[in-house]
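Take a look at the structure set out below.
The values are calculated or read from the model by the stated rules, or taken from the named source; none is laboratory data. The structure presented is a predicted model; accordingly, all values stated were derived computationally and were not measured. A quick note on method: Cβ atoms are made from the backbone with ideal geometry, for glycine too, and the neighbour counts reach across all protein chains shown.
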Amino acid sequence: MPEGSAAQALASFGVTYELARAAVVRMIGPGVEAPDAELLFTGRAEDTIDRARREAAIRDQAEVGTEHILLALIHERGGAAARILLQLDADPSDIRAALSS
């Protein structure tokens with residue numbers, strides 16, 4: 001059973017870790033590992049984290065959970081996360097509704 005609210009919501013739409021990872025690698029590439037001490041965020045990543053904080057605040061929750069991060073990632077309809085979900089036949093609007101209920 002997937003852990004975390006986001007994983008559970010994605011699984012209910014047939015999106016598994018393996019499917020999502022393969023889609024990311026196809027779209028963006030495998031990425032590179034950075035040394036732990038050099039973990040830096042891009043401007044877009046910082047925007048996503050800020051959006052996740054707002055998603056938590058909207059729901060009157062003090063902590064940011066996986067569901068808030070997923071909501072932040074799919075907020076931008078043209079973003080990579082939303083495009084990947086659509087490729088996997090999981091509509092971001094449906095995922096948002098499932099996480100908001």
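Residue-by-condition table, conditions (1) β-branched (Val, Ile, Thr); (2) modelled with pLDDT of 95 or more:
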{"residue": "Val64", "(1), (2)": "yes, yes"}
{"residue": "His68", "(1), (2)": "no, yes"}
{"residue": "Ala90", "(1), (2)": "no, yes"}
{"residue": "Ala97", "(1), (2)": "no, no"}
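Going through Gly43, Gly29 one at a time, which residue ends up being at positive phi, more than 14 Å from the chain's Cα centre (by Cα) and either surrounded by 11 or more Cβ atoms within 10 Å (Cβ to Cβ) or modelled with pLDDT under 95 (or both)?
Criteria check complete, one pass: Gly29.
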Exercise. Out of (1) free of Cβ contacts under 8 Å to residues at least 12 places away in the same chain; (2) part of a helix (DSSP H, G or I), what's the single condition that is false for Phe41?
Worked result: (2)
Problem set entry | Residues that are without any contact (Cβ under 8 Å) to a residue 12 or more places away in the chain, crowded, with 16+ Cβ neighbours inside 10 Å and assigned to a helix (DSSP H, G or I), drawn from the range 59-101 | Ala81, Ala82
